[in-house]
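Novice: One structure coming up, written as structure tokens, with questions to follow.
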Amino acid sequence: MMPAYVPNPVAAACGGGTPVDFGKNWRDGRRVLGDGKTFRGFFAGVAAGIAVGLLQIWVQSALGFAFLPEHTVVSVVLFSAGALLGDMAKSFFKRRLGMGRGEEWRIFDQYDLVIGSFALAAVFQFGWLVENLTLLILLWIIIITPLLHRAANIIGYFTGVKDVPW
């Protein structure tokens, strides 16, 4: 999951600039996504996720870690982009519910990146996903994701990258 875990904090740290929604409102009068989703953050996050994923592929190959799921270049790209697309989809729905930027939305704030990554992989590389996503790995992802999410957000809060520690 590293190619999916890395993009969000990198996007938050490197974001800014033009919002993905270009500052436009949806037909309900609310922003489509908000100022927190920017092109610079998206591309920096995806690039970082891809870099980590390629490093993971190399380390697994060089050190013979056969017990780990085998990523492909395609799965790395899908997980990296899917994580941020899942985050954007969550932001879209938060705006529709009248929730503001940074407002906590339990469960969805923690698992948006997982859902986005799995959804994109299911569409474009279904066989790889089915082959590599075992019940044990899924259970591990369900347990570790909220812990990593909280830790990353607390670090982001104390370093001034995030306004709230969730």
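The values are calculated or read from the model by the stated rules, or taken from the named source; none is laboratory data. Computed from a prediction, not measured in an experiment: that's the story for all the values here. A quick note on method: Cβ atoms are made from the backbone with ideal geometry, for glycine too, and the neighbour counts reach across all protein chains shown. In case anyone asks, the SASA skips ligands and DNA or RNA and just uses the protein heavy atoms, side chains included. Shrake-Rupley method; radii C 1.70, N 1.55, O 1.52, S 1.80 Å.
Novice: Only residues that are acidic (D, E) and touching a residue at least 60 places away in the same chain (Cβ under 8 Å): list them for the range 104-154, please.
Specialist: Listed by number, the list holds a single entry, E104.
Novice: Oh, and also: Among the residues of the range 100-109, what is the count of those that are open to solvent by 90 Å² or more (accessible area, probe 1.4 Å) and assigned to a loop (DSSP other than H, G, I, E, B)?
Specialist: Residues that pass the stated criteria total 3.
Novice: While we're here: Counting only residues that are open to solvent by 50 Å² or more (accessible area, probe 1.4 Å), at pLDDT below 95 and within 23 Å of K37 (Cβ to Cβ), how many does the range 110-166 have?
Specialist: So the answer is 12.
Novice: Any residue that is touching a helix residue (DSSP H, G or I) at 6+ places or on another chain (Cβ under 7 Å) and closer than 22 Å to T38 by Cβ - is there at least one of those in the range 88-99?
Specialist: Looking for residues that are touching a helix residue (DSSP H, G or I) at 6+ places or on another chain (Cβ under 7 Å) and closer than 22 Å to T38 by Cβ, one finds at least one in the range 88-99, hence yes.
Novice: Tally up the residues in the range 4-50 that are hydroxyl-bearing (S, T, Y) and either open to solvent by 40 Å² or more (accessible area, probe 1.4 Å) or in a strand (DSSP E or B) (or both), please.
Specialist: 2
Novice: Just one of the numbered conditions (1) in contact with a helix residue (DSSP H, G or I) (Cβ under 9 Å, 6 or more places away or on another chain); (2) of a type in the set (S, T, Y); (3) at pLDDT below 95 is not true of S61; which one?
Specialist: The number of the failed condition is (1).
Novice: Of everything in the range 51-66, what is polar (S, T, N, Q) and either surrounded by fewer than 14 Cβ atoms within 10 Å (Cβ to Cβ) or closer than 30 Å to G23 by Cα (or both)? Give them in sequence order.
Specialist: S61
Novice: Out of all the residues in the range 14-45, which are under 15 Å from K90 (Cα atoms), in contact with a strand residue (DSSP E or B) (Cβ under 9 Å, 6 or more places away or on another chain) and without any contact (Cβ under 8 Å) to a residue 60 or more places away in the chain?
Specialist: D21, K37, T38, listed by residue number.
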